[in-house]
1. Could you look through the range A:131-155, keep only residues that are assigned to a helix (DSSP H, G or I) and within 7 Å of chain B (Cβ to nearest Cβ), and pick out the one that is farthest from B:S6 (Cα to Cα)?
2. Checking A:V200 against (1) assigned to a helix (DSSP H, G or I); (2) away from ligand 1 (no atom under 16 Å from the Cβ), which single condition isn't satisfied?
3. Hey, among A:I228, A:I147, which residue is closer than 29 Å to B:S348 by Cβ and modelled with pLDDT of 90 or more?
4. Identify the single condition in (1) in contact with a Gly (Cβ under 7 Å, 6 or more places away or on another chain); (2) open to solvent by 20 Å² or more (accessible area, probe 1.4 Å); (3) within 16 Å of ligand 2 (Cβ to nearest atom) that A:L220 does not satisfy, given that it satisfies every other one.
5. So in the range A:219-235, with the set limited to residues that are farther than 17 Å from A:V201 by Cβ and away from ligand 1 (no atom under 16 Å from the Cβ), which one is farthest from the chain's Cα centre (by Cα)?
6. Anything in the range A:6-44 that is in a loop (DSSP other than H, G, I, E, B) and within 16 Å of ligand 1 (Cβ to nearest atom)? List them, or say none.
7. Looking at this structure, is B:V206 surrounded by 22 or more Cβ atoms within 10 Å (Cβ to Cβ) and of a type outside the set (S, T, Y)?
8. Considering only residues that are within 16 Å of ligand 2 (Cβ to nearest atom), open to solvent by 30 Å² or more (accessible area, probe 1.4 Å) and not in a loop (DSSP other than H, G, I, E, B), which ones fall in the range A:47-93?
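The values are calculated or read from the model by the stated rules, or taken from the named source; none is laboratory data. This is a predicted model, so every value here is computed, not measured. Using ideal geometry, Cβ is built from the backbone for each residue, glycine included, and neighbour counts are taken over all protein chains shown. Areas reflect the complete protein model, heavy atoms only, side chains present, ligands, DNA and RNA absent. Shrake-Rupley method; radii C 1.70, N 1.55, O 1.52, S 1.80 Å.
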Amino acid sequence: MSQNPASVPEVTVRNLTMAYGDFVLQRNLSFQINRGDIFVVMGGSGCGKSTLMRHLIGLNDPVEGEILYGDESFTRAEPERRERMLRGVGVLYQSGALWSSMTLAENVGLVLGEFTDLGPDEIRDVASLKLALVGLKGFEDFYPSEISGGMQKRAGLARAMSLDPKMLFIDEPSAGLDPISSRLLDDLILELRDSLGTTVVVVTHELASIFAIGNNSVFLDAESRTMIAQGPPTELRDHSDNPKVRSFLHRGEHQVMGSENG
Amino acid sequence: MTAVESIGTAAIEHRQDGALVIRLAGSWQLRGSRPSLAGLERELDTLPPLGTVAFDTSELTEWDSGLLTAVAMVFESCTRRRLNVDRSGLPEGVRRLLALAEAVPEKTDARTSEMEVPFLNRVGSIYLSAYDSVSEMLAFMGAVTLVFGKFLAGKARYRKSDLLLLVQQAGLEALAIVAIVSFLMGLILAFVGAIQLQAFGATIYVADLVGIAMVRDMGALMTGIIMAGRTGAAYAAQLGSMKVTQEIDALATSGVSPMEFLVLPRVIALVLMMPLLTVYADFVGILGGAVVGLTMLDLSPLTYYQQTVNALSFGALAGGVFKGSVYGALVAVSGCMRGMQSGRSASSVGDAATSAVVTGIVAIIAACGLFSVVFYILGF
Ligand SMILES: Nc1ncnc2c1ncn2[C@@H]1O[C@H](COP(=O)(O)OP(=O)(O)OP(=O)(O)O)[C@@H](O)[C@H]1O
Ligand SMILES: [Mg+2]
């Protein structure tokens, strides 16, 4: 519940190389995500952001390099150990990935039933609260196919939050959302960090949201196949010496580069 | 991470100004133990309308969604009773998170939970759905026929490579299972027949029995049933999961008819392959019968062969093959139909596959009965 205590590393990535078969996506990624960070992963479409997230949660294995949770190696951990390490982690997938044959309340409640002693009524209450937090109060008994794409995304976030994880991985939360809902989502992410001390890793292209919530970031580049910048997004926008990064953070409007102060 | 034992407590007291104070203390966490606030409801009833409920959290140590949920429930109870809530005693974070939870109003016209359906209603709806399923099948067959007409006129849009792949899956890849089943089928027929015929010393007629049974009916029937379980189910699952991911909608909105693009090649593949598989099954079944004839009954290969050839006629073979292609069409149509009707969830794809097999087999058996009557009347 405290504000970021100075730099306690939550996840450390060391010299990571990611590849699908022979196709190397990114190499030499090294960065650190601290407790209480809202860490933004940026980069053009197809550069490997979602893949990076899959590596961080152990769905893909690094070709080279290592990922540490705290000061323990996640990459080299035994499967059972990994599973325990991931207990405190919630994930929102880019496609929502809701379980299609369960209602929203059941989607959110499934892990509550597995990992807590809560009774069915309590689980339902917690699920309702989580759905209310993402603006879906009253949709408990709907099936994923009966709600819109943006709503599925939000329901996916409610599911990721169900166990009050200490780390949240979110892949493009605001894709498909209107500006108001997108703003509410940003507020929610900030609030989760401030009140519950959640560390958030978020993949997003939404500039407004990047600057509003991100306090640290990494920028992946598809062409050079590595990270070309890291640091607080506003600082990168104003002071980065890499034209690609500045252009990205200014939506390609070159003329304003370097002319303002945060 | 969490404390070994996290215990939350709640106490209720009336303040001098008439407000009800809920005192929350200790650690309120999802994974710890928390008191239920059921007793609170009664206390709330004692308050006059527009009374006030306040919180005291000075002794609260840790909290997470466990507390949020409990407080949200209290808010709701208070709103229902028109009581005022003084939130100032709550931790800042709780207030802000609950404000976020209230930012979007509740959807009120949500569905009610399902009701218990009376027995007669259920019987009625089973009957109606069986009736519907026959008319759906006829309608779907009609649609397939129209598309088939387009195909014959060379105007149907589908990919040749899809068709070839489907032909391979429905034909070549089914050879092994068809062989095993028909071989055993022939063996069993011969075995059962031999025991009866031995009583009359007429064991040579085992060859007639197996040959006629396999060629006229059993070859096509068994192959049809195998294909219903194998290929019909696969078709339903393929089309059903395309339905889930909206691929079928995407085809339709791109101006490509899913009937032409997806259903037609599947029907063609099965209608083409089933006659071939039937002939193959007939042959392997007769071989199975011969194994019994040669080993158990000591018939010579030549006699068995000649007896079989004499028993069979071209008409019987053609009839069997014709039945085979009809069964193939039925299996393909029921598989594709159930797939196209599938809902948009993982379990409805499973249901689609199951009901494709059931529909396919029922249709085959019904057709088999019909053929027997018609062929008898025609004197085949
Ligand atoms: N399972 C896979 N097998 C092979 N290549 C893959 C696989 N998944 C993704 N890729 C490739 O990896 C690259 C990066 O994919 P990824 O999904 O990580 O991109 P992304 O940065 O998240 O893009 P976006 O912003 O569009 O979501 C893409 O070029 C894609 O073709
Ligand atoms: Mg992605």
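1. Going residue by residue through the range A:131-155, those that are assigned to a helix (DSSP H, G or I) are A:131-133, A:144-146, A:149-155.
After this cut, where a residue has to be within 7 Å of chain B (Cβ to nearest Cβ) as well, the list is A:132-133, A:145.
Values: A:A132: 26, A:L133: 25, A:S145: 39 Å.
That would be A:S145.
2. Single failed check for A:V200: (1).
3. Numbers: A:I228 fails: closer than 29 Å to B:S348 by Cβ.
Residue meeting the stated conditions: A:I147.
4. The failed condition is (2).
5. A:E235
6. Of all residues in the range A:6-44, those in a loop (DSSP other than H, G, I, E, B) come to A:6-8, A:21-22, A:35-37, A:44.
Those that are in a loop (DSSP other than H, G, I, E, B) and within 16 Å of ligand 1 (Cβ to nearest atom): A:G21, A:D22, A:G44.
7. So B:V206 passes the test.
8. From the range A:47-93, those within 16 Å of ligand 2 (Cβ to nearest atom) are A:47-57, A:59-60, A:91-93; that's our starting set.
Remaining after also requiring open to solvent by 30 Å² or more (accessible area, probe 1.4 Å): A:50, A:54, A:59, A:93.
Those that are within 16 Å of ligand 2 (Cβ to nearest atom), open to solvent by 30 Å² or more (accessible area, probe 1.4 Å) and not in a loop (DSSP other than H, G, I, E, B): A:S50, A:R54.
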